[in-house]
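Participant: The structure's right below; bear with me while I get my questions together.
The values are calculated or read from the model by the stated rules, or taken from the named source; none is laboratory data. Since the model is a prediction, treat every value here as computed from it, not as a measurement. Cβ atoms come from the backbone with ideal geometry, glycine included; neighbour counts cover every protein chain shown. Accessible surface is based on the protein model in full, side chains and every heavy atom, while ligands, DNA and RNA are left aside. Shrake-Rupley method; radii C 1.70, N 1.55, O 1.52, S 1.80 Å.
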Amino acid sequence: INTNQYAVRMIKPVNFYRNIAEAKDSAAADWYNYANDYFERAGRNNYKEAFEAYNKSISYVANYKDARQKMQEAFDRSLIYVLVNQVQYDGFGFNNNWNWNNYNSRDQQLQNQIIRDLGGRNNRNIPAYYFNEWDLRRENRAPDMVIDMVWRNMRSDQPRDRTRNYNRSKKIETGRDTANKPIYQTVTATVYVTERYLEANADMNIIFTDAKNRTQVDWQAIPASYRTSIEFATYSGDRRALENNDWNLINRGQNQPLPNREEVFEQLMRNIYNDLLNRIRRVTGW
């Protein structure tokens with residue numbers, strides 16, 4: 001409109017830029033004052049409220065006063081030191097003859113992997129640092145929160161067999177007649193398939209404890225399950241009726257190994273691992 005003087009005289013447009021700027025400045029000021037109120041109250045929940053309010057303030061006016069600086073200060077004052085203990089086992093099944101002492105090294109590696117994937121000492125996404133016991137001692141800090149991870153209700157069946165069978169038939173040429181026409185014969189075979197399968201399940205319990213007043217902050221359970229199987233087959237009848245897929249099953253040995261107990265356990269953990277990390281982040285974060 002401004003490029004056409006006739007249009008300007010006819011329409012007389014109003015420039016609302018100043019009104020918008022004033023409204024944004026007012027909104028930024030309101031959120032900033034609201035944030036200051038919670039910031040001065042102190043406490044993690046109040047710092048969280050202040051952090052979010054400062055963030056809204058600068059969403060209206062970038063770099064409004066010292067909102068960005070106070071936003072970072074609210075984050076830093078909310079930081080907690082979280083001790084992540086090694087996985088424990090309570091009431092596990094697996095025929096009650098696992099020698100768990102053999103897996104201490106594995107459990108320590110898993111503990112360190114969890115801490116590393118949560119961000120450890122370098123986490124910047126939520127106000128929490130994660131440590132094992134030894135690293136926390138090196139920091140000369142007592143934990144603010146303790147996380148215990150406990151496998152319970154661990155169950156694993158012995159491998160079981162399930163069988164099925166199906167028939168094959170095929171017309172094959174067996175010769176020629178006197179007119180040199182092919183002579184066909186129908187041959188049949190039966191394939192006997194065995195599926196050997198293994199099933200396991202357990203519950204991962206995550207217990208969050210306030211280390212200062214020794215009260216439980218939260219408790220959650222994640223169900224985990226795992227199933228794997230192998231197949232092999234035998235047959236009876238005329239081998240000429242069989243297809244390539246049948247031979248693939250028949251040629252498999254019956255002694256194919258299923259996962260051992262440690263592999264089953266690792267798969268259970270793998271199946272719930274991302275859920276485990278996300279739940280820890282939600283409880284230890286804001």
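Participant: Counting only the heavy atoms of the protein chains, how much of ARG261 is accessible to a 1.4 Å probe, in Å² to the nearest 10?
Facilitator: 90
Participant: Give me the one-decimal nm value for the distance between modelled label points at SER169 and ALA27, 7 Å along each residue's Cα-to-Cβ direction.
Facilitator: Going by the 7 Å Cα→Cβ label model, 7.7 nm.
Participant: Let me ask you something else. Beyond 16 Å, what percent of the Cα pairs of the stretch 157-286 remain? Intermediate values should be presented prior to the final figure.
Facilitator: Details: 6294 of 8385 pairs.
Percent of Cα pairs beyond 16 Å in the stretch 157-286: 75.
Participant: Moving on. With an 8 Å Cα cut-off and a minimum separation of 6 or more residues, compute the relative contact order for the stretch 45-89 in percent.
Facilitator: Details: 27 pairs, mean separation 19.0, N = 45.
Dividing the mean separation by the residue count of the stretch 45-89 yields 42 percent.
Participant: Classify the chain as rounded, prolate or oblate from the Cα gyration tensor: take a ≥ b ≥ c as the square roots of its eigenvalues, call it rounded if a/c is under 1.5, otherwise prolate when a/b beats b/c and oblate if not.
Facilitator: Values: a/c = 5.02, a/b = 1.71, b/c = 2.93.
It comes out oblate by the Cα gyration axes.
Participant: Given a Förster distance of 22 angstrom, what is the FRET efficiency for GLU73 paired with ASN140, based on the Cβ-Cβ distance and rounded to 0.05?
Facilitator: Numbers: r = 23 Å, r/R0 = 1.05.
According to the calculation, E is roughly 0.40.
Participant: Let me ask you something else. Rounded if a/c is under 1.5, else prolate if a/b beats b/c, else oblate: with a ≥ b ≥ c from the C-alpha gyration tensor eigenvalues square-rooted, which is the stretch 5-86?
Facilitator: Working: a/c = 5.02, a/b = 3.37, b/c = 1.49.
Prolate, because a/c is 1.5 or more and a/b exceeds b/c.
Participant: Still on this model: Suppose only helical runs count, i.e. DSSP H with n ≥ 4. What mean residue ellipticity at 222 nm does that imply for the chain under -39500 (n - 2.57) per run, divided by all residues and rounded to the nearest 500 deg cm²/dmol?
Facilitator: Dividing the helical sum by the residues of the chain leaves -12500 deg cm²/dmol.
Participant: Any idea of ARG227's accessible area? Nearest 10 Å², probe 1.4 Å.
Facilitator: Here the accessible area works out near 100 Å².
Participant: Using a Förster distance of 30 angstrom, determine the FRET efficiency expected from the C-beta separation of TYR184 and ARG227, and round it to 0.05.
Facilitator: Numbers: r = 44 Å, r/R0 = 1.47.
Plugging the Cβ-Cβ distance into 1/(1 + (r/R0)^6) gives 0.10.
Participant: Next question, about the same structure. Which distance in nm do the two modelled labels at GLU266 and ASN112 give, with both placed 7 Å along the Cα-to-Cβ direction?
Facilitator: Here the answer is 1.6 nm between the modelled labels.
Participant: TYR60: accessible area at probe 1.4 Å, nearest 10 Å²?
Facilitator: Estimated to the nearest 10 Å², TYR60 gives 100 Å².
Participant: If the cut-off is a Cα-Cα distance under 16 Å, which aspartates and glutamates reach LYS181, setting aside same-chain residues fewer than 8 apart in sequence?
Facilitator: Those aspartates and glutamates meeting the cut-off are GLU173.
Participant: Here's another thing I want to ask about it. Based on the alpha-carbon gyration tensor of the stretch 1-153 and its eigenvalue square roots a ≥ b ≥ c, which shape applies: rounded if a/c is under 1.5, prolate if not and a/b is larger than b/c, or oblate?
Facilitator: Numbers: a/c = 4.32, a/b = 2.81, b/c = 1.54.
The shape class here is prolate.
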